[in-house]
Amino acid sequence: MADMLKKGGPTPERDAAEGVAKLKKVFLDFEAKYQSPEFIIPEARDYDKEEVLNDLGKSIHQLKAQLKNGNLSELLNVQIFGEITKLELFYFVLYHTQRHIHQLKNILKELSAKQ
């Protein structure tokens, strides 16, 4: 995501935040269940926790830099969305992260109940 946000793109003839409400509705509907697209499913292997956390930290740092310094009204063409502004893509990251945090809390709750 961070690499994608480094690319330039045209400025749309619409509000850069036009799609934010739809993204929020989709990703924060915790009753809805979705299948991940094949291309984002991680390889089935053992992962090094420190390496994963380090990579996550780098990604967050790069996202913050793009948020601070990038032109958020530029359009990008993203495989799963089509044309989307950088601002909308940041909201996607925010809502997608909130969705995963919700899922993790539910998993922790289930595991705690079984103990």
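The values are calculated or read from the model by the stated rules, or taken from the named source; none is laboratory data. Quantities reported herein were computed from a predicted structural model and do not represent experimental measurements. Quick reminder, even Gly has a Cβ in these numbers, built from the backbone with ideal geometry, and neighbours come from all protein chains shown.
Output the number of residues of segment 87-115 satisfying the condition of being of a type outside the set (Asp, Glu), more than 13 Å from LEU23 (Cβ to Cβ) and part of a helix (DSSP H, G or I).
Of the residues in segment 87-115, 14 are of a type outside the set (Asp, Glu), more than 13 Å from LEU23 (Cβ to Cβ) and part of a helix (DSSP H, G or I).
Of the conditions (1) in a helix (DSSP H, G or I); (2) touching a Phe, Trp or Tyr at 6+ places or on another chain (Cβ under 9 Å); (3) in contact (Cβ under 8 Å) with a residue 24 or more places away in the chain; (4) not charged (D, E, K, R), LEU67 fails just one. Which one is it?
Failing condition for LEU67: (3).
Of the residues GLN79, GLN66, GLN115, which single one is of a type in the set (S, T, N, Q) and farther than 27 Å from PRO12 by Cα?
Working: GLN79 fails: farther than 27 Å from PRO12 by Cα; GLN66 fails: farther than 27 Å from PRO12 by Cα.
After ruling out the rest, the residue left standing is GLN115.
Just name the residue that is surrounded by the fewest Cβ atoms within 10 Å (Cβ to Cβ) out of those in segment 11-20 that are touching an Asp or Glu at 6+ places or on another chain (Cβ under 9 Å) and closer than 14 Å to GLY82 by Cβ.
GLU18
Tell me, please, whether a residue that is in contact with a Lys or Arg (Cβ under 8 Å, 6 or more places away or on another chain), of a type outside the set (S, T, N, Q) and either surrounded by fewer than 10 Cβ atoms within 10 Å (Cβ to Cβ) or within 16 Å of ALA2 (Cβ to Cβ) (or both) can be found in segment 76-98. Steps first, answer last, please.
Initial filter on segment 76-98 (in contact with a Lys or Arg (Cβ under 8 Å, 6 or more places away or on another chain)): 76, 91, 95.
When the remaining residues are screened for being of a type outside the set (S, T, N, Q), the result is 76, 91, 95.
In the following step, the residues that additionally are either surrounded by fewer than 10 Cβ atoms within 10 Å (Cβ to Cβ) or within 16 Å of ALA2 (Cβ to Cβ) (or both) were identified as 76, 91.
Yes: one or more hits.
What is the one condition in (1) over 17 Å from the mean Cα position of the chain (by Cα); (2) modelled with pLDDT under 90 that GLU74 does not satisfy?
Just one mismatch for GLU74, condition (2).
When GLU51 is evaluated against the numbered criteria (1) closer than 16 Å to TYR95 by Cα; (2) free of Cβ contacts under 8 Å to residues at least 12 places away in the same chain; (3) assigned to a helix (DSSP H, G or I), which criterion, by number, is the only one it fails?
Single failed check for GLU51: (1).
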